[in-house]
Every structure is written in structure tokens, then in C-alpha cells.
1. What does the charge count around THR67 come to, taking other residues whose C-beta lies under 11 Å from its C-beta (Lys +1, Arg +1, Asp -1, Glu -1)?
2. Apply the Karplus curve 6.51 cos²θ - 1.76 cosθ + 1.60, θ = phi - 60°, to the phi angles in segment 72-78 and return the couplings in whole Hz, x for Gly and Pro.
3. Per the helix-only calculation at 222 nm, which mean residue ellipticity applies to the chain, given -39500 (n - 2.57) for every DSSP H run of n ≥ 4 and division by its residues, nearest 500 deg cm²/dmol?
4. Assuming R0 = 30 Å, can you tell me the calculated FRET efficiency for the pair ASP186 and VAL21, based on Cβ-Cβ distance, to the nearest 0.05?
5. Answer rounded, prolate or oblate for segment 110-200, using the Cα gyration tensor with square roots of eigenvalues a ≥ b ≥ c: rounded when a/c is under 1.5, else prolate when a/b is larger than b/c, else oblate.
6. Using 0.36 nm per residue, how much length does the chain from LEU33 to LEU51 gain when fully extended, once their Cα-Cα distance is taken away?
7. Could you list CYS73, CYS84 so that the one with the fewest beta carbons within 10 Å of its beta carbon is first and the one with the most is last?
8. Provide ASP57, ASP79 in ascending order of the number of other Cβ atoms located within 10 Å of each residue's Cβ, fewest first.
Amino acid sequence: MQYSSALLESVITELTRLPGVGRKSAQRIAFHLLRSSEGDAKKLAQAILDLKARVEDCRICGNVTETQPCAICADSRRDASILCVVEQPMDVLAIERTGEFRGSYHVLKGSLSPIDGIGPEQLKLAELIERVKAGGVAEVIVATNPTAQGEATALYIARLLQSVPHLRVTRIARGVPMGSDLEFSDQVTLARAMSGRKEI
Ligand SMILES: [Zn+2]
């Protein structure tokens with residue numbers, strides 16, 4: 001074995017399974033954890049356990065939450081007639097950071113990507129239609145990422161909802177650089193993209 005400790009090796013192996021963590025980073029983190037105090041290590045372990053035990057999807061919008069429904073869906077000051085459709089909960093955070101949007105959200109949990117086997121059934125599209133058909137929605141803002149998959153998803157949603165009477169379906173403007181993820185856009189760019197949205 002490359003290392004003197006099988007336990008250390010096991011932590012490194014687990015860390016390399018995390019997104020963006022290569023072998024080198026995993027080793028650095030594992031040795032850092034080994035040197036850190038028992039209290040700090042326990043805090044990290046407990047935080048991960050709590051995350052798994054207590055954070056779930058909002059039954060209405062699909063955002064991450066510890067309460068049902070989430071704080072946004074439960075907030076009566078938010079405008080439930082405007083639904084902003086995003087790919088991931090991280091996108092909700094990005095749009096909330098702009099402080100400009102006072103509507104509600106719908107998290108798809110991904111975007112259409114036939115190559116990766118992600119079709120309409122793998123996304124929360126049926127739930128979206130259900131919410132729109134329940135009434136009270138005047139506008140659906142499609143804020144999927146400006147990537148090929150995000151654009152394909154936006155078009156799919158527009159087609160899906162085109163028969164719903166008195167519904168505006170809009171797409172955020174191209175202020176967000178093509179090919180990038182919403183979550184990495186700066187607040188001003190994202191706010192501008194939201195206000196410059198156009199009907200699709
Ligand atoms: Zn919610």
C-alpha cells in the first residue's frame with residue numbers, strides 16, 4: 001500500500017469522489033483533517049450527517065429546505081403568479097442574491113441532455129405543468145443556463161406551455177455569457193438578464 005494507514009487511504013478515496021477534487025487535493029484535505037482538532041473534525045462530520053438527515057426538497061418548488069414548504073414558498077409577500085424556472089437549487093441562490101426577484105421558483109433538477117440519458121421524465125417538468133395548470137400563474141420565466149442543454153430545455157418548456165391560455169413564457173436575456181452557468185454570473189449581470197427577459 002502507498003500509505004502507512006488504511007484509514008487515511010479510505011478518507012482520500014472518499015474525498016476523490018467529490019466533484020472537482022482530484023487525488024492531490026484529496027491528499028491535502030485528508031492530511032489537514034488528520035492534523036485538525038477532534039472538535040473541528042466532529043463538527044464537519046456532524047454537519048454532513050445533519051445535511052443528509054434534515055435537508056430535503058421543497059414539495060412545491062423543489063428548492064432545498066429544512067421546512068415544508070421552503071421559506072420562499074411560505075412567504076406570502078412573494079408573488080406566486082410569477083414562476084422562475086431554474087435548473088438547480090444553486091441557481092435560486094444566485095437569483096436571490098440579486099435581490100430583484102420577488103416571484104416564486106420551480107427547480108427542474110437538471111436540463112435536457114439526451115447524451116447523458118436525461119430526458120423530460122428525469123426533470124421536474126410534470127410538476128411544473130401541474131403548478132401552471134392549477135392556475136394563478138401569469139408568467140413563467142425560463143432561467144435555465146445559457147448552454148446548449150439549457151437552451152434546449154427552454155424551448156421544450158415553451159412548447160409544453162404554449163397551449164396554456166393567458167400565460168406569458170419568457171426567457172432571461174443574453175446578459176449571462178453563453179456557455180456559462182447562472183450561479184457564476186455576477187449579480188448585476190443576472191439582474192439585467194432577468195429584467196431584459198423576452199417572450200419565447
Ligand atoms: Zn419552495
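None of the figures in this text is laboratory data; all of them are computed from the coordinates on show. Note that this is a predicted model, so its numbers are computed, not measured. Glycine gets a Cβ as well: all are built from the backbone with ideal geometry, and neighbour counts include every protein chain shown.
1. On the way: positive: ARG54, ARG59; negative: GLU56, GLU66.
Residues near THR67 contribute 0 overall.
2. 6, 5, 7, 7, 5, 7, 7
3. Numbers: 8 runs with 87 residues, N = 200.
Result for the chain, helices only: -13000 deg cm²/dmol.
4. Values: r = 26 Å, r/R0 = 0.86.
That pair, ASP186 with VAL21, gives E of 0.70.
5. oblate
6. Working: separation 18, 0.36 × 18 = 6.48 nm, distance 1.93 nm.
Here the segment from LEU33 to LEU51 would lengthen by 4.5 nm.
7. By the 10 Å Cβ count, ascending, the order reads CYS73, CYS84.
8. Numbers: ASP57 16, ASP79 13.
The order, fewest Cβ neighbours first, is ASP79, ASP57.
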